[in-house]
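Below: one structure, written as structure tokens.
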Amino acid sequence: MSTTSFPDGFLWGGATAANQIEGGYDQGGKGLSVQDVMPRGIFGPRTAAPTPDNLKLEAIDFYHRYADDIALFAEMGFGVYRFSIAWSRIFPNGDDTEPNEEGLAFYDRVLDELEKHGIEPLVTISHYETPLHLAETYDGWTDRRLIGFYERYARTLFERYGARVKYWLTFNEINSLLHAPFMSGGINTPKDELGEQALYQAMHHELVASARATRIAREVAPNAQIGCMVLSMPVYPLSPSPADALEVLQFDHSNLVYGDVHTRGEYPGYFLRTLREKGIELEITDEDREDLTNTVDFVSFSYYMSVAATADPAKKVTGEGNIMGGVPNPTLEASEWGWQIDPIGLRLVINQFWDRWQKPLFVVENGLGAKDQLVEVDGVKTVLDDYRIAYLNDHLVQVGEAIEDGATVLGYTSWGCIDVVSASSAQLSKRYGFIYVDRNDDGTGSLERYKKKSFDWYAEVIRTNGASLTR
Ligand code: BG6
């Protein structure tokens with residue numbers, strides 16, 4: 001009998017995003033992205049121009065150190081590495097007609113290194129790094145013209161890398177748009193001044209752009225597998241009351257609509273009702289409808305935490321959480337940043353997505369953001385991150401359970417496999433990695449890399465295809 005639930009060929013690896021690791025924000029012909037003016041993270045104020053306190057400008061200097069970092073991933077036995085391409089490295093303004101060759105060549109070199117080590121790339125086309133010019137000139141995805149700019153960008157990537165990259169994701173956490181419009185959608189108008197009409201229209205534009213990218217990939221990169229990417233957030237009723245269960249359904253619908261459109265090719269009835277009730281009339285052309293029928297090959301998602309929902313106005317408080325937050329669940333513990341830890345929620349979400357969409361799934365983000373202490377053991381600097389090992393172990397056990405339940409899961413890429421700048425808080429001290437990067441929140445540090453205890457632990461999980469996990 002097999003000692004592991006993970007099938008042969010299961011893709012083990014890690015994930016990052018360009019804006020959180022690369023640095024080199026003004027090198028190689030790169031233009032500015034929205035992240036270059038977000039020194040305080042998602043909900044902090046933006047600045048008029050890049051400021052030295054923005055850790056993402058240098059990040060962890062992957063732009064210069066990618067070969068050494070990829071060698072460390074290979075040492076852990078990664079079969080896959082998820083990274084994003086910075087749109088503003090390829091099209092510095094976003095609306096340029098010709099791509100920046102220096103930017104394209106950079107990712108050629110990254111792919112060379114991955115090939116050298118036999119690591120499969122998994123590329124996110126747009127991960128919270130819309131070119132700033134598109135935000136300032138067009139108000140980001142509220143403008144229909146963004147579809148055309150994104151189309152040109154995606155086509156350029158498929159033509160250049162289509163023969164080397166099999167797995168692609170169109171938009172990171174596409175369902176975060178309504179919650180974080182500047183970061184997720186390059187929408188410059190402040191959130192409190194934005195009408196829902198504009199926000200939902202932006203959502204429609206992204207969905208059309210995503211489907212159009214899928215159509216283009218079919219033409220120019222026939223071996224490509226295209227996935228959507230959603231932020232998953234399982235939700236429990238705070239009490240057994242039917243009213244709370246209805247809240248759960250509605251919270252779920254507000255997130256599931258993205259996967260529904262990506263897998264079914266049209267808007268579901270519950271979403272049309274939401275629009276009707278809000279008095280929103282989306283501009284949807286015949287071409288849009290046709291585009292949307294280009295459905296994805298697989299569904300990928302991030303998973304960090306779950307929330308609860310209640311119909312009781314007195315209990316409707318919003319706790320901390322990954323972008324959207326929710327009502328805290330009294331049965332769960334939380335991380336140092338208040339994200340509630342729930343391994344079983346991952347099994348639930350995999351089952352829900354599999355039952356609903358019957359598409360292969362890919363867990364492309366999961367992990368624990370924690371404050372690490374660099375210590376010396378036998379003269380070697382390391383971090384004794386047993387808390388991270390426990391978190392990852394317990395979540396991976398649940399991935400195995402979901403596979404036993406019958407779901408097809410292609411792989412698992414743990415978030416921030418090397419320490420990265422946090423998206424929400426813009427800190428480096430919120431660390432996720434197996435590899436510690438010596439850089440502090442004030443920007444000091446040598447940028448040296450050190451293996452944490454979890455480095456060897458994950459290498460063993462990969463080597464044994466999950467058999468070494470503690471159940
Ligand atoms: C996801 C994003 O929301 O969560 C990542 O796709 C992000 O970009 C990750 O880094 C973890 O969130 P945070 O806020 O802890 O960095």
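The values are calculated or read from the model by the stated rules, or taken from the named source; none is laboratory data. Bear in mind the structure is a predicted one, so any value in this text is a computation, not a measurement. Backbone-built Cβ (ideal geometry, glycine too); neighbour counts: all protein chains shown. Accessible surface areas use protein heavy atoms only, side chains included; no ligands, DNA or RNA. Shrake-Rupley method; radii C 1.70, N 1.55, O 1.52, S 1.80 Å.
A few points about this structure:
- Picking from residues in the stretch 23-44 that are within 13 Å of the ligand (Cβ to nearest atom) and part of a loop (DSSP other than H, G, I, E, B), the one that is modelled with the lowest pLDDT is PHE43.
- The number of residues in the stretch 449-466 being over 23 Å from LEU374 (Cβ atoms) and open to solvent by 40 Å² or more (accessible area, probe 1.4 Å) comes to 1.
- Those helices (runs of 4 or more DSSP H) of the stretch 179-264 in which 3 or more residues are open to solvent by 10 Å² or more (accessible area, probe 1.4 Å) and of a type in the set (Gly, Ala, Ser) occupy 242-264.
- Qualifying residue in the stretch 164-172 (condition: in contact (Cβ under 8 Å) with a residue 60 or more places away in the chain and away from the ligand (no atom under 15 Å from the Cβ)): yes
- Residues considered: ASP372, ASP441, ASP419. Of these, the only one that is touching a Ser or Thr at 6+ places or on another chain (Cβ under 7 Å) and within 16 Å of the ligand (Cβ to nearest atom) is ASP441.
- Pairs are defined by a Cβ separation below 8 Å, a sequence spacing of at least 6 or placement on different chains, a first member in the stretch 398-414 that is within 14 Å of GLY13 (Cα to Cα), and a second member that is in a strand (DSSP E or B) and charged (D, E, K, R); the pairs so defined are THR413/ARG82; THR413/GLU365; SER414/GLU365.
- THR310 open to solvent by 40 Å² or more (accessible area, probe 1.4 Å) and either of a type in the set (Val, Ile, Thr) or touching a Ser or Thr at 6+ places or on another chain (Cβ under 8 Å) (or both): no
- Within the stretch 1-22, the set of residues being buried (at least 17 other Cβ atoms within 10 Å of the Cβ) and either at pLDDT below 95 or within 16 Å of the ligand (Cβ to nearest atom) (or both) comprises SER5, GLY13, GLY14, ALA15, THR16, ALA17, ALA18, ASN19, GLN20, ILE21, GLU22.
- Hey, LYS430 touching a Ser or Thr at 6+ places or on another chain (Cβ under 8 Å) and away from the ligand (no atom under 16 Å from the Cβ) or not: no
- Positions within the stretch 25-54 being open to solvent by less than 10 Å² (accessible area, probe 1.4 Å) and more than 16 Å from LEU132 (Cβ to Cβ), in sequence order: GLY41
- The one condition in (1) hydrophobic (A, V, I, L, M, F, W, C); (2) open to solvent by 20 Å² or more (accessible area, probe 1.4 Å); (3) farther than 25 Å from GLY77 by Cα; (4) under 18 Å from the mean Cα position of the chain (by Cα) that PHE353 fails to fulfil: (2)
- Verdict on THR295 being closer than 30 Å to GLN340 by Cβ, away from the ligand (no atom under 16 Å from the Cβ), among the polar types (S, T, N, Q) and under 20 Å from the mean Cα position of the chain (by Cα): no
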